[in-house]
Amino acid sequence: MKKSKLSNIILCIAIIAALCVAPFAPSAEAAPFLPFSSPTQTTAAQTSTQVRHIILNVGAPEIIIDGVTSRLSAPPVVISGTTLVPLRAIFEALSTEVHWSSGNITARNENTEIKLTVGSTTAYRNGTPITLSVAPQLIDGRTMVPLRFIAESLGAEVQWIQSTRTIRIAMVPDGAQYVRLGDARIFMGDPLDHVRAILGRSDSVEQSAHDFDWHVYSSDYSRFLLVGIKDRRVVALYTNSTGFETVGAKYGDAGASMSYRMEGNAVRFLDDAIPAPGIKLFVSEGKVYAVRILPEVLVDKTSFSNEFYRSQERLLFHITNAYRASQGLSVLMYDDAAAIAGRNHCKDMVVRNYFSHITPEGVNLVQRYNTAGGVGVRIGEALGRVETHSMLGIDTFNGIMNSVGHKQLMDRPEHDHLGTGVHETHMALVFAGHY
């Protein structure tokens, strides 16, 4: 695991008309973000716990356990709204010992004992009687038992998908880490095939600064999600979508602020351990707005290609639009000229070792944008610089979220286009309004 001290410098400028420059000075009264230190704000470190997934389809004689398909002795059936499944298959899938004798069924795991009787609607959970809507029964000589009662009694979660008549069961161990968006919950360690079964195929795949790729779900920014995949399993998660939930926290919870200091007309944000394994909650204006989960062993890349920088540009574009969607603002269209202007400026700042919206020769944002072929009445720019490549994208965006001037740029309803540029450890977001 690598720990690195974040030195994230951000500069912001907004241009209202052709050559009228109106910079925003980040306010010392903003509520920036400080790395969490209390138990209510930082969750446990990533553990090796892994969720077991079971998938069945009504009428299909198959059961899929963690991506491995096996035959059932009989397909699941629905009777009076209750799904019945073959007795032995479901208990074995749930890693539960089961005994059958003259129609009496007893099943046990570490915490629970279940008793059922063929033909009886009375069952027992740890000695407590439970009334079933449909009794266990013999069908074609096979004992069929009520799936939901058994699975939930043994601590599993059950989801019924009406459109495909599919039942999804998840055995969730203590300490499992996840992100929930609506009725979709993705766990660390989930197989890629399971993620696709829930969310569909991703809209794109982008490089991270670590040894995994981000699978990007961006077709609906209100459910925006990044799923880090390595060896076809989930190893990282990120979302800034409204309403997300994770272990011990959810969107909108109260959070601490970020430490920063002013350096001239720029603001430097400080964090002692970004990125770090486990769950990290991102805060702006005192409220949790995003979550990221990283693997316990975090391996950084040692070399970076131009395609890596293009990936970071696209990630910044999507994350920004997800934020705007959470605020009820319109989605920004991609602006090629703005991206070229920002990208070329980042390269120039790296090569000539300066950090400013204006080049040493006095060329400003409007001129750079026009040279790139852009035409806009209102444009604005946010510049960022970090110490390591691993802080590009998500961590850079968090700095933007904690600067008053940058949030003003992102929140402006008159902006309808955005171009993002990244080179080395520099990034630029160029907003444009075409009207």
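The values are calculated or read from the model by the stated rules, or taken from the named source; none is laboratory data. The structure displayed is predicted, hence computed values, not measured ones. Reconstructed Cβ throughout: ideal geometry from the backbone, glycine too, with neighbour counts over all protein chains shown. Just so you know, the surface numbers come from the protein's heavy atoms only, side chains and all, with ligands and any DNA or RNA stripped out. Shrake-Rupley method; radii C 1.70, N 1.55, O 1.52, S 1.80 Å.
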| For region 376-387, does any single residue satisfy the condition of being over 33 Å from the mean Cα position of the chain (by Cα) and either within 21 Å of ASP336 (Cβ to Cβ) or of a type in the set (Lys, Arg) (or both)? | yes
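Per-residue answers, yes or no, for (1) touching a residue at least 60 places away in the same chain (Cβ under 8 Å); (2) closer than 28 Å to ARG108 by Cα:
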{"position": "GLN137", "(1), (2)": "no, yes"}
{"position": "ASP140", "(1), (2)": "yes, yes"}
{"position": "PRO146", "(1), (2)": "yes, yes"}
{"position": "ALA156", "(1), (2)": "yes, yes"}
{"position": "SER163", "(1), (2)": "no, no"}
{"position": "VAL172", "(1), (2)": "yes, yes"}
{"position": "GLN177", "(1), (2)": "yes, yes"}
{"position": "LEU192", "(1), (2)": "no, no"}
{"position": "ALA209", "(1), (2)": "yes, no"}
| Elements of type strands (runs of 3 or more DSSP E) contained in region 121-227, each with 2 or more residues being modelled with pLDDT under 90 | 156-161, 166-171, 184-187
| Flag for GLY81 being at pLDDT 90 or above, under 35 Å from the mean Cα position of the chain (by Cα) and either of a type in the set (Asp, Glu) or exposed (fewer than 15 other Cβ atoms within 10 Å of the Cβ) (or both) | yes
| task | Give the residue, chosen from ILE358, ILE319, that is among the β-branched types (Val, Ile, Thr) and under 28 Å from the mean Cα position of the chain (by Cα). | result | ILE319
| query | Within region 88-100, is even one residue open to solvent by 20 Å² or more (accessible area, probe 1.4 Å), in contact with a strand residue (DSSP E or B) (Cβ under 9 Å, 6 or more places away or on another chain) and of a type in the set (Phe, Trp, Tyr)? | reply | yes
| request: Search region 101-119 for residues being exposed (fewer than 13 other Cβ atoms within 10 Å of the Cβ) and among the small types (Gly, Ala, Ser), and hand back the single one that is modelled with the highest pLDDT. | output: GLY119
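Quick grid of which residues meet (1) open to solvent by less than 20 Å² (accessible area, probe 1.4 Å); (2) not small (Gly, Ala, Ser):
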{"position": "VAL363", "(1), (2)": "no, yes"}
{"position": "TYR369", "(1), (2)": "yes, yes"}
{"position": "GLY373", "(1), (2)": "no, no"}
{"position": "ARG385", "(1), (2)": "no, yes"}
{"position": "HIS389", "(1), (2)": "no, yes"}
{"position": "LYS407", "(1), (2)": "no, yes"}
{"position": "THR420", "(1), (2)": "yes, yes"}
| query | Within the set of pairs 6+ apart or on separate chains, which have a first residue in region 358-385 that is among the basic types (Lys, Arg), a second that is part of a loop (DSSP other than H, G, I, E, B), and C-beta atoms under 7 Å apart? | reply | ARG378/GLU414; ARG385/PHE355; ARG385/THR425
| In this structure, is ASP231 open to solvent by 10 Å² or more (accessible area, probe 1.4 Å), among the charged types (D, E, K, R) and modelled with pLDDT of 85 or more? | yes
| Restricting region 323-337 to residues that are among the polar types (S, T, N, Q) and within 19 Å of ILE394 (Cβ to Cβ), the residue that is surrounded by the most Cβ atoms within 10 Å (Cβ to Cβ) | SER326
| message | For region 122-151, give me each residue that is out of contact with any Pro (no Cβ under 9 Å at 6 or more places or on another chain) and surrounded by 14 or more Cβ atoms within 10 Å (Cβ to Cβ). | response | TYR124, ARG125, ILE130, GLN137, ARG148, PHE149, ILE150, ALA151
| request: Please specify each residue of region 392-421 satisfying the condition of being touching a Leu at 6+ places or on another chain (Cβ under 6 Å) and aliphatic (A, V, I, L, M). | output: LEU418
| query | Of the conditions (1) over 27 Å from GLU110 (Cβ atoms); (2) of a type in the set (Gly, Ala, Ser); (3) surrounded by fewer than 21 Cβ atoms within 10 Å (Cβ to Cβ); (4) over 12 Å from the mean Cα position of the chain (by Cα), ALA184 fails just one. Which one is it? | reply | (4)
